[in-house]
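The values are calculated or read from the model by the stated rules, or taken from the named source; none is laboratory data. All values reported here derive from a predicted model rather than from experimental measurement. Neighbour counts are summed over all protein chains in view; Cβ atoms, including those assigned to glycine, are modelled from backbone coordinates with ideal geometry. What goes into the accessible areas is simple: the full protein's heavy atoms, side chains included, and nothing from ligands, DNA or RNA. Shrake-Rupley method; radii C 1.70, N 1.55, O 1.52, S 1.80 Å.
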Amino acid sequence: MANNTSTKAQSGETAKPPVFKLRDGVLNIAGWERTTKDGMTFYNVTFERRYNNDGKWSSTQSLGEDDLLTMAELLRQAYQEIKHLRSPLREAD
């Protein structure tokens with residue numbers, strides 16, 4: 001039997017929630033803030049498309065051709081969110 005316990009779970013570290021979420025219909029993006037051992041902060045994004053299969057909702061990272069422009073717009077918005085999070089003026093908020 002495989003052990004699926006992550007290193008974070010073993011160390012007692014709790015997972016941080018995303019710093020932002022964006023949604024348009026069935027398309028979703030989450031933005032994640034991470035800090036390196038050296039204290040540098042960086043951001044990653046994950047995306048998904050939700051779909052209903054016989055009454056059960058699931059998700060995939062595969063996009064159809066009709067999803068591309070909508071996802072491109074969500075990614076543009078994610079870029080703007082990250083720029084705002086990195087902004088030195090944000091500390092004045």
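Out of all the residues in segment 72-79, is one or more over 14 Å from the mean Cα position of the chain (by Cα), not in a helix (DSSP H, G or I) and not acidic (Asp, Glu)?
Our first condition is that a residue be over 14 Å from the mean Cα position of the chain (by Cα); within segment 72-79, this holds for 72-73.
Imposing the further condition that a residue be not in a helix (DSSP H, G or I) reduces the set to none.
Looking through segment 72-79, none of the residues is over 14 Å from the mean Cα position of the chain (by Cα), not in a helix (DSSP H, G or I) and not acidic (Asp, Glu).
Out of everything in segment 40-67 that is aliphatic (A, V, I, L, M) and farther than 13 Å from residue 25 by Cβ, what residue ends up being least open to solvent (accessible area, probe 1.4 Å)? Quick ask: steps written out before the conclusion?
Taking segment 40-67 as the starting set, the residues that turn out to be aliphatic (A, V, I, L, M) are 40, 45, 63.
The next check asks that each one be farther than 13 Å from residue 25 by Cβ; those that pass are 40, 45.
Values: 40: 124, 45: 63 Å².
Residue satisfying both the conditions and the ranking: 45.
Residue-by-condition table, conditions (1) hydrophobic (A, V, I, L, M, F, W, C); (2) part of a strand (DSSP E or B):
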{"residue": "22", "(1), (2)": "yes, yes"}
{"residue": "28", "(1), (2)": "no, yes"}
{"residue": "34", "(1), (2)": "no, yes"}
{"residue": "37", "(1), (2)": "no, no"}
{"residue": "45", "(1), (2)": "yes, yes"}
{"residue": "49", "(1), (2)": "no, yes"}
{"residue": "59", "(1), (2)": "no, yes"}
{"residue": "63", "(1), (2)": "yes, no"}
{"residue": "66", "(1), (2)": "no, no"}
